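Student: Dropping a structure here in structure tokens format, bear with me for questions.
Just so it is clear, none of the values below were taken in a lab; they were calculated from the coordinates. Quick caveat: nothing in here was measured; it's all calculated off a predicted structure. Every residue, glycine as well, gets a Cβ built from its backbone with ideal geometry; the counts of neighbours run over all protein chains shown.
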Amino acid sequence: MQLKISFLTFFFSILLIITSCVSVQVSDNTVSTTSTEVKKPKNIILLIGDGMGLSQVSAAIYYKDGKPNFERFSTIGLSKTSSGNELITDSAAGATVFSTGVKTYNGAIGVNIDTIPAPTIVEQLSNRGLATGIVATSSIQHATPASFYAHVKSRRLYEEITAFAPNSGVNFFAGGGLKFFNERKDGKDLLATMRAKGYEVITDKLPKTPSDKNELILLASNGMPKMSEGRGDFLPNATKLALEKLSKNEKGFFLMVEGSQIDWGGHDNDADYLIQELLDFDKTLGVALDFAKQNGETLVIVTADHETGGFTLASDGSDYNTIKPLFSTTGHSGTMVPVFAEGPGAASFNGIYESIEVYHKMMALFNK
């Protein structure tokens, strides 16, 4: 009897020890899981390939010498791009969802469907002391960049859009659009206004080092030249310059970079134009990803406002070893577009969601 009781005591003692070990292991796993929750990025770089659908991204894989930077991303989602009033969006409504988180009508710049101004991510972050920047290969008054700092009822009101720049809070502008500052119908010299607001105005060439002042870099009267017209490395170099400048802010930064003319190549149904612009954009992704990898606190997001051209990479008849780029429209299409993300918080961009979620996901990460 005594032996039996001792055995039972021993058995339950062992069971208790095993249970304790399992409990500790579960507890340890819980701690481990908690420690790998979404990390807050200090900085976000949003790169927008205007008009860039999945076939455009695929073209970077087929036409680039070497591995495309698109393949460096570990997180990929899909965005549904319809605007607030039509199934197919334009760039103004498509960019306003990224800048404000609201669906609006085609043609709207930073306003909701009732033309009421909506606070932009640039305005909100600037008010919190973060640095902000806008880089584009279009004019800075074009639909996508304009949506991040202006509030007007129509994307065609370029002079009205420009009037928002002096008080925008943007620390770094680079692109085209000079004539809307100094060749205005109202006779105003907004370059002088920008200087009075503390901006260094540069109109000849991209500087090699950033200024201590806010910068307005305007290197074309309207849009920048095409890659085929000798634009060179403006986009990757302007992005690098912006990152060098904005990263000096200890609170963090937000930078929007647009490969504007991917869209223009699609509208023209010009495959060579589109592919050259796309490869330039891919090179710019490399700049952003290299910075983020070294920095460790930067989230890189790459997406599009919509797809342009109904672009596809078809076979050349029955020749399945030859790709023949084709278009189905000179306008936009309603297909979903990819969202690539890499860095702290990247996992938030998995899945399929409305385009407004790009804004809400960014703000949620900034507000953690």
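Student: Which whole-Hz couplings ³J(HN,Hα) result when phi for each residue of the range 250-255 is put into the Karplus expression 6.51 cos²θ - 1.76 cosθ + 1.60, θ = phi - 60°, listed in order with x for Gly and Pro?
Tutor: 5, 7, x, 8, 10, 10
Student: Looking at this model, which pairs from K42/K64; K42/K205; K42/K248 are more than 21 angstrom apart at the alpha-carbon? Don't skip to the end; give the middle numbers.
Tutor: Values: K42/K64 32 Å; K42/K205 30 Å; K42/K248 12 Å.
The pairs that break the limit, which is 21 Å between Cα atoms, are K42/K64; K42/K205.
Student: Which shape class applies to the range 212-368: rounded if a/c is under 1.5, otherwise prolate when a/b exceeds b/c and oblate if not, where a ≥ b ≥ c are the square roots of the Cα gyration tensor eigenvalues?
Tutor: Oblate shape, in that a/c is at least 1.5 and b/c is the bigger or equal ratio.
Student: Relative to the longest principal axis of the C-alpha atoms of the chain, give the angle of the C-alpha long axis of helix 54-63, reported between 0 and 90° and rounded to the nearest 10°.
Tutor: So the inclination is approximately 80 degrees.
Student: My understanding is that a pair violates if its Cα-Cα distance is over 20 Å; which of K213/K283; K67/K361; K208/K283; K40/K251 do that in this structure?
Tutor: Working: K213/K283 27 Å; K67/K361 29 Å; K208/K283 18 Å; K40/K251 13 Å.
Over 20 Å Cα-Cα: K213/K283; K67/K361.
Student: Taking only C-alpha pairs under 8 Å that are 6+ residues apart, what is the relative contact order of the range 222-368 in percent?
Tutor: That works out to 21 percent.
Student: Can I ask one more? Using amide H atoms built 1.01 Å from N in the peptide plane, name the residues 5+ places from V339, or on other chains, whose amide H lies under 5 Å from its own.
Tutor: Close amide H contacts, sequence-distant or interchain: G77, L78, S79.
Student: Students often forget the sequence filter, so: which aspartates and glutamates lie under 12 Å Cα-Cα from K197 once same-chain residues fewer than 8 apart are removed?
Tutor: E215
Student: Principal axes first, then extents: for the Cα atoms of the chain, list largest minus smallest coordinate on each axis, whole Å, largest first.
Tutor: Per principal axis, max minus min of the Cα coordinates gives 107, 61, 43 Å.
Student: Then there is this: I need the phi-derived Karplus couplings for the range 194-209: 6.51 cos²θ - 1.76 cosθ + 1.60, θ = phi - 60°, integer Hz, Gly and Pro marked x.
Tutor: Taking θ as phi minus 60°, the curve returns 4, 5, 5, 8, x, 8, 8, 9, 10, 10, 9, 7, 6, x, 8, 10 Hz for the range 194-209.
Student: Give me the aspartates and glutamates in straight-line cross-link reach of K39: C-alpha distance below 16 Å, same-chain residues under 8 apart excluded.
Tutor: Correct list for K39: E297, E342.
Student: Taking amide H positions as placed in the peptide plane 1.01 Å from N, state which residues far from G51 in sequence (5 or more) or on other chains have amide H under 5 Å from it.
Tutor: Under 5 Å from the amide H of G51: D305, H306.
Student: On to the next question. Give the distance, in whole Å, between the Cα centre of the range 172-251 and the Cα centre of the range 285-351.
Tutor: After rounding, the separation between the Cα centres reads 26 Å.
Student: What's the magnitude of the charge dipole for the range 42-366 around its Cα centre, counting Lys and Arg as +1 and Asp and Glu as -1 at the beta-carbon? Answer in Debye, nearest 20.
Tutor: 880
Student: Set Lys and Arg Cβ to +1 and Asp and Glu Cβ to -1, take the dipole of the range 42-366 about its Cα centre, and tell me which of F253, P225, L289 lies farthest positive.
Tutor: F253
Student: Continuing with this model, one more query. Using amide H atoms built 1.01 Å from N in the peptide plane, name the residues 5+ places from T104, or on other chains, whose amide H lies under 5 Å from its own.
Tutor: Excluding prolines and chain starts, which carry no amide H, the hits are G84.
Student: Follow-up. Could you calculate the FRET efficiency of I202 with D272 from 1/(1 + (r/R0)^6), where r is the beta carbon distance between them and R0 is 22 Å, rounded to 0.05?
Tutor: So, using R0 = 22 Å, E works out to roughly 0.10.
Student: Taking other Cβ within 10 Å of each residue's Cβ, how do I76, I140 sort, fewest first?
Tutor: I76, I140
Student: Now for a different question. Given +1 on the Cβ of Lys and Arg, -1 on the Cβ of Asp and Glu, and no further charges, what dipole in debye does the range 246-368 carry about its Cα centre, rounded to the nearest 20?
Tutor: Computed about the Cα centre, the dipole is about 620 debye.
Student: Related question: Counting only C-alpha contacts under 8 Å and six or more residues apart, can you give the relative contact order of the chain as a whole percent?
Tutor: Computed value for the chain: 28 percent relative contact order.
Student: Tell me, what does the Kirkwood hydrodynamic radius of the range 85-149 come to in angstroms if you use every pair of distinct C-alpha atoms?
Tutor: 11.9 Å is the Kirkwood radius here.
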